[in-house]
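What follows is a short report on a single structure.
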Amino acid sequence: MRRETGACFCGGIAAAMDGEPFWICYDHDDDCRRAIGSPMTIWVGYRPEQFQLLRGTPKAFSKTPGVTRTFCPDCGSSIGYSDEGLPDEFYVTVGFFDKPEGFQPQAHAYWDLRLPYIEFDDSLPRIDRYSRRRDPKLGNPRDR
């Protein structure tokens with residue numbers, strides 16, 4: 001079985017992810033851009049039971065209703081996010097992984113929010129909204 005490991009910048013938080021991720025996607029969303037501090041990120045999707053903390057206790061923060069982001073309380077490194085509209089999904093930012101080169105994105109999400117000076121020479125799908133089917137009762141975080 002595939003096992004990936006990851007840690008924050010200071011090493012205070014470490015985790016293992018067991019099994020294959022079900023979704024890997026570039027994210028150009030402005031909320032994620034602010035939270036991560038990068039022009040975009042790549043989210044790697046796992047089922048919550050595939051994610052196991054090995055060390056430390058992440059801090060959680062929510063600005064967007066239903067979406068909770070986790071990060072290291074010491075160094076601030078982003079770890080992942082969960083979304084009540086996607087209850088059986090947990091997304092880990094590619095920067096948290098020890099070997100990020102093993103994750104090939106399958107699409108671009110929030111393509112219409114990408115920064116205009118970032119160019120991609122790929123044929124991946126370009127999706128202007130969420131790339132996953134989200135519970136409509138919770139609305140779309142983009143409509144905040």
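The values are calculated or read from the model by the stated rules, or taken from the named source; none is laboratory data. All values derive from a computational prediction rather than experimental measurement. Backbone-built Cβ (ideal geometry, glycine too); neighbour counts: all protein chains shown. Surface accessibility is based on the protein's heavy atoms, side chains included, excluding ligands, DNA and RNA. Shrake-Rupley method; radii C 1.70, N 1.55, O 1.52, S 1.80 Å.
Taking all protein chains as they are arranged and a probe of 1.4 Å, the heavy atoms of Thr57 leave approximately 110 Å² accessible to solvent.
Can you bin region 57-111 into rounded, prolate or oblate? Criterion: square roots of the alpha carbon gyration tensor eigenvalues sorted a ≥ b ≥ c, rounded for a/c under 1.5, prolate for a/b above b/c, oblate for the rest. Before the final figure, lay out each step's value.
Working: a/c = 2.03, a/b = 1.10, b/c = 1.85.
Note, shape of region 57-111 comes out oblate.
In the chain, the calculated helix contribution to ellipticity at 222 nm averages -1000 deg cm²/dmol per residue, counting -39,500 (n - 2.57) for every DSSP H run with n ≥ 4. Isolated cysteines of the chain, defined as having no other cysteine beta carbon under 4.7 Å away, are Cys25, Cys32.
Heavy-atom accessible surface of Glu20, to the nearest 10 Å², is about 110 Å², with a 1.4 Å probe and all protein chains retained. In the context of the full protein assembly, Asp128 retains an accessible surface of approximately 80 Å², using a probe radius of 1.4 Å and ignoring ligands and nucleic acids.
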